[in-house]
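Here is the structure we will look at.
Computed from the coordinates by the stated procedures, all read-outs in this text should not be read as laboratory data. Here the structure is a predicted model, which is why all the values come from computation and not from measurement. FYI the Cβ positions are ideal-geometry reconstructions off the backbone, even for glycines, and counts take in every protein chain you see.
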Amino acid sequence: MSENGPPVVLVVEDEPDVAETYRRWLRSSYDVRVAPDGATAMTELDGDVDVVLLDRMMPEMAGEEVLREIRDREIDCRVAMVSAVDPDFDIVEMGFDAYVTKPPDRDELTGTIERLLDRAELNDDLQEYYSLVARQSALQAEKTEAELAESDEYAALVDRIERERERVDEELGDMSTDTEFVGAVREIMDDEGGE
Amino acid sequence: MSTPYDIDAVLPDGTIEALPPGTNVLITGPAMVGKREVAFKLLASGHETGEGVLCVSTSASASSMLDEFERYVPTLDRDRVAIVDCSGSDSQRAIREIATERVSSPGDLTGISIGTAKLLQRFSEQDVSDVRHGLVSISTLIQYLDLNTVFKFLHIYTSRIADTDGLGVFTLESVSHDPQTVNTITSEFDCVIELREGEDGREIRVRGLPGASRTWRAFD
């Protein structure tokens with residue numbers, strides 16, 4: 001993940017006109033890299049890349065293969081599939097974090113990227129939320145309700161939990177969407193050692 | 001769905017009779033107090049009005065789960081029961097009879113989420129929009145994963161159930177975990193149903209919902 005500067009977006013697209021359109025749309029907000037095929041994409045991919053926009057239909061190396069390679073190399077980035085074909089359930093199983101129907105409009109593309117950047121924060125913010133709730137739970141186990149009601153520290157903790165939960169829920173987005181839901185779970189499992 | 005999930009007659013009079021869409025319920029209590037039974041009854045009590053049941057089973061096989069359901073709903077419509085089986089059982093019976101997705105281990109939360117998403121999609125193709133989601137039990141997940149991972153998963157999964165207007169029913173064995181752990185898990189739920197063995201038999205208490213009385217009452 002890029003530490004400083006704008007987020008890095010890698011566009012993998014074999015049609016030069018399409019790739020150029022995306023680049024023009026995105027360059028004011030992101031550091032955009034373009035790869036015309038899967039093999040080039042793999043050389044462009046490093047720890048700085050935050051989001052990959054991956055065309056599903058490419059000659060030589062298909063989008064699925066690039067995705068598999070990204071996951072095998074354990075690169076911490078989120079991958080959106082761009083496809084003219086209406087996505088079926090395979091998308092979720094294959095491990096794409098989102099999909100965009102081709103041709104996308106500008107808002108759709110940037111909206112997807114922003115959602116995926118939010119999701120990159122999800123695990124850390126859920127961890128923070130968990131720590132606060134765990135502290136609250138320890139206090140509840142040690143102290144009486146009357147003691148808690150009088151404690152300013154406890155009241156401040158309750159407020160922080162509320163704010164952190166709001167932040168997490170905003171990052172979660174709409175959980176009725178399958179890709180968003182499975183993507184969020186995948187995000188927390190990446191940190192669970194060996195699972 | 002805008003009408004509440006009916007749970008009439010599952011809990012004693014004067015507790016709760018219906019739950020709003022998007023509610024997540026946790027059932028806690030010591031071992032052998034009947035948490036699974038209450039969970040199954042809550043899950044099955046809308047079955048006759050066309051609702052679906054989607055249950056994640058962390059240790060029982062899909063076929064024993066199906067047997068348990070049929071005990072509570074003799075007229076079970078098998079098209080509206082779906083199970084994510086994490087037991088590792090290789091019994092083929094239930095898999096032939098009801099929609100089943102198998103996950104290799106209860107620790108594979110990504111697999112569980114994919115399984116539930118597939119089964120929910122199947123319900124939506126059948127025009128079953130009101131779905132009760134079970135997860136039996138959280139205690140097994142805690143044996144396989146760090147508490148913080150289980151907590152994060154529950155936050156995501158309960159949000160999923162809320163955002164799809166479902167009803168969530170989860171169980172937790174309260175005695176084998178320390179009070180802090182139980183409090184942490186409990187905080188993710190809208191409503192907690194506690195069961196215990198009292199001197200004169202089983203008792204129940206409901207917390208969290210407006211109007212729910214916090215006193216223990218007899219529950220046979």
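Place the peptides B:109-120, A:148-159, B:31-42 in order of packing, highest mean first, counting for every residue the other Cβ atoms within 10 Å and averaging per peptide.
Averaged packing, sorted descending, gives the order B:109-120, B:31-42, A:148-159.
Compare the peptides A:12-19, A:183-190, B:65-72 by average per-residue count of other Cβ atoms within 10 angstrom and give them in order, highest first.
Values: A:12-19: 16.1, A:183-190: 21.8, B:65-72: 18.1.
Final packing ranking: A:183-190, B:65-72, A:12-19.
Distance between the C-alpha centers of the range B:199-220 and the range B:76-130? Whole Å please.
32 Å
Express the relative contact order of the range B:14-139 as a whole percentage, based on alpha carbon pairs under 8 Å and six or more residues apart in sequence.
Relative contact order, the range B:14-139: 29 percent.
Output the 0 to 90 degree angle, nearest 10, between the alpha-carbon long axis of helix A:106-142 and the longest principal axis computed from the alpha carbons of chain A.
20 degrees
Which value in deg cm²/dmol, rounded to the nearest 500, describes the helix-derived mean residue ellipticity at 222 nm for chain A, given -39,500 (n - 2.57) per DSSP H run of n ≥ 4 and division by the residue count?
Taken over chain A, the calculation gives -18000 deg cm²/dmol.
I'd like the orientation of helix A:63-72 relative to chain A: the angle between its Cα long axis and the longest Cα principal axis, in ° from 0 to 90, rounded to 10.
50 degrees
In peptide B:153-164, what is the residue-averaged number of other protein chain Cβ atoms found within 10 Å of each Cβ? Numbers along the way, then the final one.
Working: counts 6, 0, 10, 13, 4, 1, 9, 11, 2, 3, 9, 5.
Average neighbour count from other chains, rounded to a whole number: 6.
If contacts are Cα pairs under 8 angstrom and at least 6 residues apart, what is the relative contact order of chain B in percent?
28 percent
I want the local charge near B:Tyr72. Using Cβ-Cβ distances under 9 Å, sum +1 for each Lys or Arg and -1 for each Asp or Glu among the other residues.
Working: positive: B:Lys41, B:Arg71; negative: B:Glu37, B:Glu68, B:Glu70.
Combined, the nearby Lys, Arg, Asp and Glu give -1.
Using only the Cα atoms of the range A:113-195, build the gyration tensor, take square roots of its eigenvalues as a ≥ b ≥ c, and label the shape rounded, prolate or oblate: rounded if a/c is under 1.5, else prolate if a/b is larger than b/c, else oblate.
The shape class here is prolate.
Measure nothing but the geometry: give the 0 to 90° angle between the long axis through the Cα atoms of A:16-26 and the longest principal axis through the Cα atoms of chain A, rounded to 10°.
30 degrees
List the residues whose amide H sits under 5 Å from the amide H of B:Leu135, counting only those 5 or more places along or on another chain, with H placed 1.01 Å from N in the peptide plane.
B:Val56, B:Val169, B:Phe170, B:Thr171
What order do you get for A:67-78, B:51-62 when each peptide is scored by the mean count of other beta carbon atoms within 10 Å, highest first?
Ranking, from highest mean packing down: B:51-62, A:67-78.
Report the net charge of residues surrounding B:Gly50, where surrounding means a beta-carbon distance below 10 angstrom and charges are Lys +1, Arg +1, Asp -1, Glu -1.
-4
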